[in-house]
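Novice: Questions regarding the structure given below will be posed in turn.
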Amino acid sequence: MQLTPFRRKKENLSDKELIERYLEKQDTEFLGELFGRYMHLVYGVCLKYFKEPERSKDTVILIYEKVQHEIVNHEIDNFKNWLYVVTKNFCLMELRKSNTTRITLVPDENQLAEIMEKESELHPIDNDNGGVPEDELNDCIEKLKDEQKQCIRLFYFENKCYREISDMLRVEEKRVKSHIQNGKRNLKICMENQK
């Protein structure tokens, strides 16, 4: 008699195990289970930004599709945090596409730091690169100081939140925010000079 290895139900698997199974088998059941665990949080973030339940529900579906494509390109240690950043960035891009320049949120102070940067003007890197060619943007990023360059790349291209960047670079979150703000300002100057 052959013994088959014990298989745990997908609902008993950890987030990391579900990611591994999804990447290994490309079976959306694993991703669906994983996303389902945090769907209410995704919906909550969408609702904070859009203030419209129907639009928020539609956006949850769009974010699931984005996650399905993006998850293969990232090494994810904490899925919940990563998903939060993906959701936040997606909502901000959607709002900017529809020319909404003011975003009103009523979170507490700690959430505010996690949800969005405190900056009133839109920046080309936030707004689909503002029509700036990718090679020009990359040239300008390369000209930044090392700390700014690292923080910009981790925040915008690897969807890391402040806390993750702080842990990775072993610097305070305040320094991470400062490097991102200064890096964005320097990028803007560099890109304007290239026009």
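Novice: Could you tell me which residue of the stretch 164-180 is surrounded by the most Cβ atoms within 10 Å (Cβ to Cβ), considering only residues that are in a helix (DSSP H, G or I) and touching a Ser or Thr at 6+ places or on another chain (Cβ under 8 Å)?
Specialist: Only one residue fits best here, namely V176.
Novice: Determine, yes or no, whether C140 is farther than 26 Å from L83 by Cβ and either in contact with a helix residue (DSSP H, G or I) (Cβ under 9 Å, 6 or more places away or on another chain) or in a helix (DSSP H, G or I) (or both).
Specialist: Here the answer is yes, as C140 does meet what is asked.
Novice: Could you list, in sequence order, the residues of the stretch 146-163 that are exposed (fewer than 15 other Cβ atoms within 10 Å of the Cβ) and touching a residue at least 40 places away in the same chain (Cβ under 8 Å)?
Specialist: If the condition is that a residue be exposed (fewer than 15 other Cβ atoms within 10 Å of the Cβ) and touching a residue at least 40 places away in the same chain (Cβ under 8 Å), then R163 is the only one that fits.
Novice: Could you grab me the full set of residues in the stretch 35-50 that are touching a residue at least 40 places away in the same chain (Cβ under 8 Å) and farther than 22 Å from D15 by Cβ?
Specialist: K48, Y49, F50
Novice: Which one is nearest to E17 (Cα to Cα) among residues in the stretch 55-93 that are among the charged types (D, E, K, R) and at pLDDT 90 or above?
Specialist: K80
Novice: I need the full set of residues from the stretch 31-61 which are of a type in the set (A, V, I, L, M, F, W, C), under 15 Å from L83 (Cβ atoms) and surrounded by 13 or more Cβ atoms within 10 Å (Cβ to Cβ), in order please.
Specialist: L31, L34, F35, M39, L41, V42, V45, C46, V60
Novice: For the stretch 75-95, which positions are hydroxyl-bearing (S, T, Y) and touching a helix residue (DSSP H, G or I) at 6+ places or on another chain (Cβ under 6 Å)?
Specialist: Selection gives T87 alone.
The values are calculated or read from the model by the stated rules, or taken from the named source; none is laboratory data. Worth saying up front: this structure is predicted, and the values here are computed from it rather than measured. For neighbour counting, all protein chains shown are included, and Cβ atoms are generated from backbone atoms with ideal geometry for every residue, glycine included.
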